[in-house]
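Asks: Have a look at this one before I ask anything.
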Amino acid sequence: MFDLESLNKEQKESVQSTEGAVLVLAGAGTGKTKVLTSRIAYIISKGLCFPDQILAVTFTNKAAKEMKERAISLLLASAPFLGDFSGLWIGTFHSLALRMIRPLHEKFKRSSNFSIIDADDQLRIIKKIMKENGIDDKKYRPKSIVYYINRWKDQYKSIEEAKTLVSKFTTEEIAYKLYKPYQEMLASLDAIDFGDILTYCIDIFKYSPEVISRYQNKFKYILVDEYQDTNAAQYIWLKLLSMKHGNICCVGDDDQAIYSWRGADVGNILKFEKDFKDAKVICLGQNYRSTKNILKVANALISNNSTRMKKEFWTDGEAGLPVIVKSLDNPRYEAYFVSSLIENKHNMGTRFSEMAVLVRATFQTRAFEERFITAGIPYTISGGLKFYERKEIKDAVAYLRLVVNQDDGLAFERIANIPKRGVGTVSINKFYTIAREQNVSIPSAAEIFSKNASSISATKLVEFFKDLNIWREEASYLSPSDLTKKILEESGYITILKESKTIEDEARIETLEELVNALREFDTVSEFLDYISLVLDNSDSSPQDKVIISTIHAAKGLEYNTVFIPGFEEDILPHKKSIEEKGELGIEEERRLFYVAITRAKKEAYITMCNKRGSYGDYGARQYVSPSRFLYDLPKGSVKII
């Protein structure tokens with residue numbers, strides 16, 4: 001029989017409440033995975049169903065693998081006589097839905113071996129369709145088209161329904177016009193994309209009563225992890241599957257709903273009691289991760305959100321140190337302060353990997369990376385690239401290299417077609433041929449070619465070389481930061497990113513703005529180029545024990561002994577764009593981001609802010625900035641301002 005003794009009162013209730021709809025509000029560090037896996041083991045060991053009659057859904061393959069391994073381990077300990085547990089349906093939304101639709105391929109007109117395309121394939125198909133329809137991919141970015149189509153699928157919007165959502169004369173309208181040709185192209189390729197997996201599955205459920213009936217009868221118990229992160233399609237899918245037995249247990253925390261930008265709808269968890277008749281709500285209030293002071297700060301801040309389920313988390317653990325709040329003059333001093341603390345803690349025996357710097361925006365990493373390299377602190381960027389390894393930074397640096405050295409062939413190859421100028425592999429090969437024949441550099445060969453050809457690409461290259469010559473002249477009197485800003489704007493690089501309107505390209509703009517700020521610290525472009533060559537050469541730390549630098553979004557679900565939260569300023573946390581686009585709802589999501597950040601900390605948390613920070617549009621050195629509005633919500637008794 002399954003042993004419940006290791007569970008606290010609320011965890012036991014969550015495990016034993018097997019019948020009907022149950023919402024388990026599981027805050028950070030309250031043992032939600034333990035509840036989910038224990039619930040699976042309890043249901044099976046009690047003989048309430050067979051292993052293959054449970055459907056357990058999560059968001060990542062890693063989480064699904066961990067859930068399955070832990071559930072099977074508990075079952076082997078409590079009910080080994082039941083034998084094989086491989087029949088458990090535990091996986092991500094997409095993997096489970098794919099398992100359902102693969103045998104039903106004929107219902108959506110595919111072969112049994114249909115392919116599932118990835119993001120790169122999506123982009124290639126959209127580019128092909130745009131070309132066939134005479135749509136300028138410089139005016140309307142293919143990435144933006146893909147973004148809108150994916151969002152409509154996440155919302156379970158058909159082509160007809162999408163029409164009502166678009167505004168005239170926008171990229172979104174172009175995306176709508178390409179939605180149908182895109183789906184037709186997928187069909188001709190015997191392929192589907194990730195969004196289609198759930199939408200086709202829902203379609204089959206809706207229009208094939210025998211199919212939905214089979215799965216509704218099959219799955220007596222449904223369990224869902226991270227319910228606050230579900231989008232509309234996932235919500236509909238779960239509703240349809242749970243209609244027969246009604247035994248659905250969703251585990252989540254509305255205070256950790258931070259993914260609205262990728263389609264997640266916090267409303268799904270907030271309306272749970274309305275959606276499911278006689279739903280039971282259980283709050284896992286006991287936190288096993290953080291100290292009392294850290295939890296008091298988290299609770300005090302998040303309680304200011306109005307669109308949330310009222311709850312408070314607590315711990316039997318020690319009060320711990322107060323949360324430290326420190327104001328520094330600028331990002332360089334901020335990074336120096338954090339690095340000094342990290343060095344001191346490491347010297348006192350704390351492993352580097354037990355400390356994390358959690359940033360709101362990717363551009364913030366630069367100051368910390370440069371300081372850590374100087375101080376010899378090993379670090380890693382979690383879920384992303386280091387600052388000077390990012391594509392947009394490499395592109396910008398290539399422009400600067402070509403301005404400084406007109407014969408830099410590698411730099412020319414990198415940016416000759418960024419933004420697009422019609423310079424592809426064929427053109428580059430021609431340049432190499434001319435370079436060999438006339439014993440000149442690749443850029444010189446390209447210039448020779450452009451002056452003697454009459455193609456559109458040649459004309460664009462002529463303009464490009466004119467721009468390069470102007471920038472070289474301006475380099476003699478403009479500051480490196482002003483020159484870089486001018487190049488990024490006049491080349492069209494920034495314009496392309498702005499027109500994209502995707503989250504990724506918005507982050508790239510911020511990263512480039514930070515590059516412009518970084519260049520203010522150098523007298524010449526050559527000095528900067530020498531500096532980053534040394535930075536890149538010294539940035540590969542061999543030790544496995546490294547400080548984590550991560551965005552708050554990427555840190556969700558992780559924990560560290562010590563957490564540093566820099567940039568506690570207006571326009572960063574809360575982020576300016578979030579407020580501009582969503583107003584009060586945006587501010588509430590920013591509060592949730594801070595809540596997620598501080599609850600990653602087990603023992604110590606440090607919040608830092610700057611008095612001055614660089615601004616892309618400001619030709620001066622730095623601008624004064626205001627502390628985050630959230631500063632005034634922090635409880636005095638649990639915070640120490642130094």
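Asks: Working only within region 265-275, note down all residues that are free of Cβ contacts under 8 Å to residues at least 12 places away in the same chain and open to solvent by less than 70 Å² (accessible area, probe 1.4 Å).
Replies: 267 - this is the single residue of region 265-275 that is free of Cβ contacts under 8 Å to residues at least 12 places away in the same chain and open to solvent by less than 70 Å² (accessible area, probe 1.4 Å).
Asks: I've got another one for you. Return only the number of the condition from (1) in a helix (DSSP H, G or I); (2) under 36 Å from the mean Cα position of the chain (by Cα) that residue 419 does not satisfy.
Replies: (1)
Asks: In addition: Here are the criteria: (1) under 25 Å from the mean Cα position of the chain (by Cα); (2) over 21 Å from residue 198 (Cα atoms); (3) without any contact (Cβ under 8 Å) to a residue 60 or more places away in the chain; (4) buried (at least 18 other Cβ atoms within 10 Å of the Cβ). Tell me which single one residue 141 does not satisfy.
Replies: (3)
Asks: Additional query: Mind listing just one residue for me: the one in region 317-329 that is of a type in the set (D, E, K, R) and more than 18 Å from residue 29 (Cα to Cα) and, of those, nearest to the chain's Cα centre (by Cα)? Spell out how you get there, then give the answer.
Replies: The first filter runs over region 317-329 and keeps only residues of a type in the set (D, E, K, R), leaving 318, 326, 329.
Now narrow it down to the ones that are more than 18 Å from residue 29 (Cα to Cα): 326, 329.
Values: 326: 28, 329: 30 Å.
Per the criteria, the residue is 326.
Asks: Then there is this: Please go through region 296-316 and pick out each residue that is under 29 Å from the mean Cα position of the chain (by Cα), of a type in the set (Val, Ile, Thr) and open to solvent by less than 50 Å² (accessible area, probe 1.4 Å).
Replies: Across region 296-316, the qualifying residues are 297, 302.
Asks: Same structure again: Name the one entry in 88, 98 that is at negative phi and open to solvent by 10 Å² or more (accessible area, probe 1.4 Å). Please lay out each step first, then the result.
Replies: Numbers: 88 fails: open to solvent by 10 Å² or more (accessible area, probe 1.4 Å).
Every option except 98 fails the conditions.
Asks: Report, by residue number, each residue of region 270-295 that is part of a loop (DSSP other than H, G, I, E, B), within 26 Å of the chain's Cα centre (by Cα) and under 19 Å from residue 229 (Cα atoms).
Replies: Once the filter is applied, which keeps residues that are part of a loop (DSSP other than H, G, I, E, B), within 26 Å of the chain's Cα centre (by Cα) and under 19 Å from residue 229 (Cα atoms), region 270-295 yields only 271.
Asks: Separate question: Open to solvent by less than 70 Å² (accessible area, probe 1.4 Å) and either over 19 Å from residue 559 (Cα atoms) or not in a loop (DSSP other than H, G, I, E, B) (or both): is that true of residue 319 in this structure? It would help to see each step written out before you state the result.
Replies: Values: open to solvent by less than 70 Å² (accessible area, probe 1.4 Å): yes; either over 19 Å from residue 559 (Cα atoms) or not in a loop (DSSP other than H, G, I, E, B) (or both): no.
Spelling it out, it is not the case that residue 319 is open to solvent by less than 70 Å² (accessible area, probe 1.4 Å) and either over 19 Å from residue 559 (Cα atoms) or not in a loop (DSSP other than H, G, I, E, B) (or both).
Asks: Return a yes/no flag: does region 111-128 have any residue that is among the polar types (S, T, N, Q) and open to solvent by less than 40 Å² (accessible area, probe 1.4 Å). Talk me through it step by step, then tell me what you get.
Replies: Here is the first cut: in region 111-128, the ones among the polar types (S, T, N, Q) are 111-113, 115, 122.
Next cut, open to solvent by less than 40 Å² (accessible area, probe 1.4 Å) only: 122.
The answer is yes, given that some residue of region 111-128 is among the polar types (S, T, N, Q) and open to solvent by less than 40 Å² (accessible area, probe 1.4 Å).
Asks: Of the residues that make up region 92-108, is at least one in contact (Cβ under 8 Å) with a residue 60 or more places away in the chain and among the charged types (D, E, K, R)? I'd like the intermediate steps shown before the answer.
Replies: Step one: list which residues in region 92-108 are in contact (Cβ under 8 Å) with a residue 60 or more places away in the chain, which gives 93-94, 97-98, 100-101, 104, 107-108.
With among the charged types (D, E, K, R) added as a condition, the list becomes 107.
For region 92-108, residues in contact (Cβ under 8 Å) with a residue 60 or more places away in the chain and among the charged types (D, E, K, R): present.
Asks: Before we move on, is residue 56 at pLDDT below 95 and outside any loop (DSSP other than H, G, I, E, B)? Outline the logic, then answer.
Replies: Details: at pLDDT below 95: no; outside any loop (DSSP other than H, G, I, E, B): yes.
When the stated conditions are applied, residue 56 does not pass them.
Asks: Of everything in region 382-407, what is assigned to a loop (DSSP other than H, G, I, E, B) and either within 22 Å of the chain's Cα centre (by Cα) or crowded, with 19+ Cβ neighbours inside 10 Å (or both)? Give them in sequence order. Lay out the reasoning, then the answer.
Replies: Narrowing region 382-407 to residues assigned to a loop (DSSP other than H, G, I, E, B): 382-386, 390, 405-407.
Passing the criteria: 382, 383, 384, 385, 386, 390.
Asks: Are there any pairs with C-beta distances below 9 angstrom linking a residue in region 623-639 that is in contact (Cβ under 8 Å) with a residue 60 or more places away in the chain to a residue that is open to solvent by less than 40 Å² (accessible area, probe 1.4 Å) and of a type in the set (Lys, Arg), with the two at least 6 apart or on different chains, and if so which?
Replies: 630/591; 633/591
Asks: Residue 278 fails exactly one of the following numbered conditions: (1) open to solvent by less than 20 Å² (accessible area, probe 1.4 Å); (2) at positive phi. What is the number of that condition?
Replies: (1)
Asks: Residue pairs, Cβ under 6 Å, 6 or more apart or interchain, first in region 282-306 and of a type in the set (A, V, I, L, M), second part of a loop (DSSP other than H, G, I, E, B). List them.
Replies: These pairs meet every condition: 284/30; 295/287; 295/313; 295/315; 297/634; 298/599; 300/635.
Asks: For residue 370, which of the numbered conditions (1) modelled with pLDDT of 95 or more; (2) in a helix (DSSP H, G or I); (3) open to solvent by less than 60 Å² (accessible area, probe 1.4 Å) fails to hold?
Replies: Evaluating residue 370 over (1) modelled with pLDDT of 95 or more; (2) in a helix (DSSP H, G or I); (3) open to solvent by less than 60 Å² (accessible area, probe 1.4 Å) leaves (1) as the failure.
Every residue, every condition in (1) farther than 30 Å from residue 336 by Cβ; (2) in contact (Cβ under 8 Å) with a residue 40 or more places away in the chain, yes or no:
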| position | (1), (2) |
| --- | --- |
| 376 | no, no |
| 385 | no, no |
| 388 | no, yes |
| 397 | no, yes |
| 406 | yes, yes |
| 413 | yes, no |
| 416 | yes, yes |
| 419 | yes, yes |
| 424 | yes, no |
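Asks: Starting from residues that are surrounded by fewer than 20 Cβ atoms within 10 Å (Cβ to Cβ) and out of contact with any strand residue (DSSP E or B) (no Cβ under 6 Å at 6 or more places or on another chain), keep the ones in region 187-201 and report whichever is nearest to residue 155 (Cα to Cα).
Replies: Here is the first cut: in region 187-201, the ones surrounded by fewer than 20 Cβ atoms within 10 Å (Cβ to Cβ) are 187-191, 194.
Now restrict to residues that are out of contact with any strand residue (DSSP E or B) (no Cβ under 6 Å at 6 or more places or on another chain): 187-190, 194.
Details: 187: 21, 188: 24, 189: 24, 190: 24, 194: 13 Å.
This residue is 194.
Asks: Among the listed residues 50, 93, 59, which satisfies the condition of being more than 25 Å from residue 8 (Cβ to Cβ), aromatic (Phe, Trp, Tyr) and open to solvent by less than 10 Å² (accessible area, probe 1.4 Å)?
Replies: Values: 50 fails: open to solvent by less than 10 Å² (accessible area, probe 1.4 Å); 59 fails: open to solvent by less than 10 Å² (accessible area, probe 1.4 Å).
It is 93.
Asks: Sort out which residues of region 126-145 are hydrophobic (A, V, I, L, M, F, W, C) and either assigned to a loop (DSSP other than H, G, I, E, B) or under 25 Å from residue 491 (Cβ atoms) (or both), and write them in order of number. Reasoning before the result, please.
Replies: Of region 126-145, the ones hydrophobic (A, V, I, L, M, F, W, C) are 126, 129-130, 135, 145.
Those that are hydrophobic (A, V, I, L, M, F, W, C) and either assigned to a loop (DSSP other than H, G, I, E, B) or under 25 Å from residue 491 (Cβ atoms) (or both): 126, 130, 135, 145.
Asks: May I pose another question? What about residue 262, is it among the basic types (Lys, Arg), buried (at least 16 other Cβ atoms within 10 Å of the Cβ) and within 21 Å of residue 59 (Cβ to Cβ)? Spell out the reasoning first.
Replies: On the way: among the basic types (Lys, Arg): yes; buried (at least 16 other Cβ atoms within 10 Å of the Cβ): no; within 21 Å of residue 59 (Cβ to Cβ): yes.
When the stated conditions are applied, residue 262 does not pass them.
The values are calculated or read from the model by the stated rules, or taken from the named source; none is laboratory data. Not measured: the values here are computed from a predicted model. Note: ideal-geometry Cβ built from the backbone for every residue, glycine included; neighbour counts use all protein chains shown. What goes into the accessible areas is simple: the full protein's heavy atoms, side chains included, and nothing from ligands, DNA or RNA. Shrake-Rupley method; radii C 1.70, N 1.55, O 1.52, S 1.80 Å.
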